[in-house]
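The values are calculated or read from the model by the stated rules, or taken from the named source; none is laboratory data. Fair warning: this is a prediction, and the values are worked out from it, not measured in the lab. Note that we place each Cβ from the backbone using ideal geometry, even for glycine, and neighbour counts take in every protein chain shown.
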Amino acid sequence: MSQTTVVTTAPEPKLWAGGRSPYNVSYGKMMTWFFLLSDALTFGAFLISYGTTRFFSSVWPDPNQVFKAFPFMEGHNLPLLFVSLMTFILIMSSVTMVLAVHAGHYGDKKNVAKWLLWTIIGGICFLSCQAWEWTHMYSECINTWSNVPGQVKHGLWGSFTDVNTPVEEFRQFFNPHKESVQNILTNQPLIAMQSTHNFFNYFFTITGFHGGHVTSGVIFNILILVNTVNGVYERRGHYEMVEKIGLYWHFVDLVWVFVFTCFYLL
Amino acid sequence: MSSHHHQNSIQHLYEGDQSKLYSGVLQHHTDVNSEESKNQVKRIWKIFWILLAITIAEVIMGMFFSHQMPKALVAFFFLALTILKAGYIVAVFMHLGDEFKNFMVTVLIPLVLFVWFIIAFLADGGFWLRMNDESQARHNSAQVQQAPSHE
């Protein structure tokens, strides 16, 4: 290269003395990574506190019992099927995102726009699934009892902190085949109720926080799609913004991998 | 203030001319139909199939087998597969595997904290479960001992 002939007189600047990027990574991309690192610690804190609570509970709701519904297939026992679909959608949208980033590396404006559009569609599908699941979880827990005669209480929040809640209201969430679990439900129903309360608190907090990330990811994707179509990145000479938003989107997928394991599998 | 800057240099302030700072994956690519580009796309789809296969394996295991197996083995199996999936996503989809090794280390080292977090907090949870059980047992036996004196 022509540089080597020039450098012979001036000493090579030190790698860490400033004026160059020792990692060969731009400022924005590096800071995106560090932001994601801090976000990973946030989600990690959520999931670890979920784990701690679960470890000090002698019973815990069984995911195969809690998550067994599928839209338009009410009454069928289909454990984990719906969440598998959600996971598939998110992995798929991660693939379309990385294809958009790839097209960006080559300055291929048309394909960047195409794959970003698919990613946005995938994100919206995922959010719709989550909306259905939340609505379903909520309506499944509508009380059929009340300590005030003639009044039906709605929603699960109050019922799992109310000591008068009959055990039948939350027995459905526990493994019916395990004797030790059924013993606790019969003899110490309040312990099982506390676990149910904790389970749903963590479930809605963590999937809600994740869903918030997906929502903002979809918004970012729409913004960069508009910019791409308008030729902003073409004029800039590079599609690095697509790569940075791509990092964020993959991170959201990454978090889901852990949420999926902690809530639905373990 | 902004009148000092030409339109182009304002954009410079936001993004800078960072095209020279791109990592290995982004350098000297021009043709999207090149062999290199096609191989990269092939690799992306390969990772997709791997992730899909791992997820299907996890779901089948969770649906049919996890209840008959020892709890620790199930946890190990699921966590190992989860970390494998995470590794593929970070290394290939996020291109961390294509960055300089020093940058990779800089990003990943702080995550070592999680090892301590997980050990400490889960141990704490287990400890409280034992404490609760013991105090419950003590409470029960105290009640049994007191019971005759009430008569």
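For this structure, a couple of remarks:
- Flag for B:T55 being facing chain A (nearest Cβ under 9 Å), surrounded by 13 or more Cβ atoms within 10 Å (Cβ to Cβ), among the polar types (S, T, N, Q) and farther than 30 Å from A:P22 by Cβ: yes
Rundown of residues vs (1) among the aromatic types (F, W, Y); (2) buried (at least 21 other Cβ atoms within 10 Å of the Cβ), yes/no style:
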{"residue": "A:Y23", "(1), (2)": "yes, no"}
{"residue": "A:A45", "(1), (2)": "no, no"}
{"residue": "A:S58", "(1), (2)": "no, no"}
{"residue": "A:F67", "(1), (2)": "yes, yes"}
{"residue": "A:F88", "(1), (2)": "yes, no"}
{"residue": "A:L99", "(1), (2)": "no, yes"}
{"residue": "A:I121", "(1), (2)": "no, no"}
{"residue": "A:M137", "(1), (2)": "no, no"}
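- Index of the failed condition, A:P63 passing every other in (1) at pLDDT below 95; (2) more than 20 Å from the chain's Cα centre (by Cα): (2)
- Filtering the stretch B:120-144 to residues that are farther than 16 Å from A:Q194 by Cβ, polar (S, T, N, Q) and within 12 Å of another protein chain (Cβ to nearest Cβ) leaves only B:N140.
- Selected residue (criterion: surrounded by the most Cβ atoms within 10 Å (Cβ to Cβ)) from residues of the stretch B:71-80 that are more than 8 Å from chain A (Cβ to nearest Cβ) and of a type in the set (A, V, I, L, M, F, W, C): B:F77
- Test: residue in the stretch A:223-234 that is outside any helix (DSSP H, G or I), in contact (Cβ under 8 Å) with a residue 60 or more places away in the chain and surrounded by fewer than 16 Cβ atoms within 10 Å (Cβ to Cβ): yes
- Sole exception among (1) under 20 Å from A:F260 (Cα atoms); (2) over 15 Å from the mean Cα position of the chain (by Cα); (3) surrounded by fewer than 20 Cβ atoms within 10 Å (Cβ to Cβ) for A:I184, by number: (1)
- Scope the stretch B:43-69; condition within 27 Å of A:P176 (Cβ to Cβ) and β-branched (V, I, T); matching residues: B:T55, B:I56, B:V59, B:I60
- Of the candidates A:G208, A:G217, A:G212, the single residue that is crowded, with 16+ Cβ neighbours inside 10 Å and small (G, A, S) is A:G217.
- Residues considered: B:I89, B:I109. Of these, the only one that is more than 7 Å from every other protein chain (Cβ to nearest Cβ) and either surrounded by fewer than 16 Cβ atoms within 10 Å (Cβ to Cβ) or part of a helix (DSSP H, G or I) (or both) is B:I109.
- Condition met for B:Q68 (modelled with pLDDT under 95 and at the interface with chain A (Cβ under 10 Å from one of its Cβ atoms)): no
- Selection status of A:S139, under 23 Å from A:L80 (Cβ atoms) and modelled with pLDDT of 90 or more: no
- When the residues of the stretch B:81-135 are filtered to those that are of a type in the set (G, A, S) and over 18 Å from the mean Cα position of the chain (by Cα), the one that is farthest from A:G104 (Cα to Cα) is B:S135.
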